[in-house]
């Protein structure tokens, strides 16, 4: 998982150094759009992980196989539909985001098509707790993205080459991960040496899975909006050059944001397969996850606060004064969001619902406040800081004081 994050970091560092600030701003904005539309697929991965973990724990192999088959088919339909929508909306997106090349949105649609399918097999691997196979997929994905991105940019393909590398990395890892899951998809081979708890051939209904989609979908949607909408609105309200400087500073914050993701990858299926009446055990897992993430993010935060100029110079090859002043805000915001993401996954894995309403309210508040107050980029980041810190406090309160969680009843 560390190698996967490292490859992604190298990818952004290379693009940051070899693309002009305006082009890098375009690339970063398109990736932000990609993350927002990626929400249905991300919800699928969370949901599949939750149910596969449960099926694995109860030896319900037929249901495991049926879930993977049905969601692969249905996500293929969703992916193709969204691809067509991107093509139809390309002119509007080009005008709104101040990106002149319509071909970039065609390429964005292709990236989305493959990206929307990928979390189905990845969710299967995560739910089965095959962390080695999942990590290998991540490494191949990140390695191809970085290696091909370097090659394509050196060939002079610019932002198109950078996005093309992402598309190919998604396609290859879809094939690889499905190959690793072939025995569970094709014949439902048993994972554990014990008898299944349901009869062979017992049909699986996806209705219970769809019911889980709502809280999972709302959670992923809000988190993606919270961590990406500021970049999109800055691209709209400010000049392309200013948005480019904002993107350069954002990469420092995104490094912190992704640091604890391996912790969540392991924490979620562990909590999902735990039975009821184990609150102390679950809170212990949450506490350990927060401590590990806090150490990782805290160390990175201190570096960002103390040495913003050297960090920008190392990442971009030169000091962008306009970006340096923004780094400390990004570091602080993404530290809050990283810890919030862990607490949100705790709520999802333990099937709690009281966190949804506050999450929706704060997400809407962030959008409205940025729309109303965007005189400077610092003002935008200050708004995000307030929202991120409040969300973290509320979610930790809801996790550790269940007797007061009226909304969970």
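Computed quantities for the displayed model
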quantity: The listed residue being within 19 Å of the chain's Cα centre (by Cα), surrounded by fewer than 19 Cβ atoms within 10 Å (Cβ to Cβ) and more than 29 Å from residue 128 (Cβ to Cβ), out of 305, 360, 372; calculated: 360
quantity: Candidates 9, 68, filtered to the one that is closer than 19 Å to residue 125 by Cβ and either in contact with a helix residue (DSSP H, G or I) (Cβ under 7 Å, 6 or more places away or on another chain) or at pLDDT below 80 (or both); calculated: 68
quantity: Any hit, the range 244-256, residues being more than 21 Å from the chain's Cα centre (by Cα), surrounded by 15 or more Cβ atoms within 10 Å (Cβ to Cβ) and under 26 Å from residue 32 (Cα atoms); calculated: yes
quantity: Yes/no for residue 83 being surrounded by fewer than 24 Cβ atoms within 10 Å (Cβ to Cβ) and part of a helix (DSSP H, G or I); calculated: yes
quantity: Meets criteria (part of a helix (DSSP H, G or I) and either in contact (Cβ under 8 Å) with a residue 60 or more places away in the chain or in contact with a strand residue (DSSP E or B) (Cβ under 7 Å, 6 or more places away or on another chain) (or both)) for residue 73; calculated: no
quantity: Subset of the range 93-116 that is modelled with pLDDT under 85 and assigned to a helix (DSSP H, G or I) - its residue that is surrounded by the fewest Cβ atoms within 10 Å (Cβ to Cβ); calculated: 95
quantity: Residues being surrounded by fewer than 19 Cβ atoms within 10 Å (Cβ to Cβ) and within 29 Å of residue 248 (Cα to Cα) - total across the range 329-357; calculated: 0
quantity: Near pairs, Cβ below 6 angstrom, 6+ apart or cross-chain, from the range 378-402 (over 24 Å from residue 326 (Cβ atoms)) to any residue that is surrounded by 21 or more Cβ atoms within 10 Å (Cβ to Cβ); calculated: 395/340; 395/343; 395/355; 396/343; 398/355; 399/343; 399/346
quantity: Failed item in (1) more than 19 Å from residue 57 (Cα to Cα); (2) in contact (Cβ under 8 Å) with a residue 12 or more places away in the chain, with residue 157 passing the rest; calculated: (2)
quantity: Single residue of the range 117-133 satisfying the filter (more than 18 Å from the chain's Cα centre (by Cα) and not in a helix (DSSP H, G or I)) that is modelled with the lowest pLDDT; calculated: 129
quantity: Qualifying residue in the range 300-322 (condition: outside any helix (DSSP H, G or I), without any contact (Cβ under 8 Å) to a residue 24 or more places away in the chain and over 30 Å from residue 287 (Cα atoms)); calculated: yes
quantity: Wholly within the range 1-61, helices (runs of 4 or more DSSP H) carrying at least 3 residues that are within 24 Å of residue 320 (Cβ to Cβ), in the same structural domain as residue 319 (by TED's automatic domain parsing) and touching a strand residue (DSSP E or B) at 6+ places or on another chain (Cβ under 7 Å); calculated: none
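Let's see how each residue does on (1) in a helix (DSSP H, G or I); (2) over 21 Å from residue 67 (Cα atoms); (3) assigned by TED's automatic domain parsing to the domain that holds residue 357; (4) at pLDDT below 90:
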position	(1), (2), (3), (4)
163	yes, yes, no, no
166	yes, yes, no, no
170	yes, yes, no, no
176	yes, no, no, no
198	no, no, no, yes
204	no, no, no, yes
209	yes, no, no, yes
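The values are calculated or read from the model by the stated rules, or taken from the named source; none is laboratory data. Source: prediction; values computed, not measured. Heads up, the Cβs are rebuilt from the backbone with ideal geometry, glycines too, and the neighbour counts pull from every protein chain shown.
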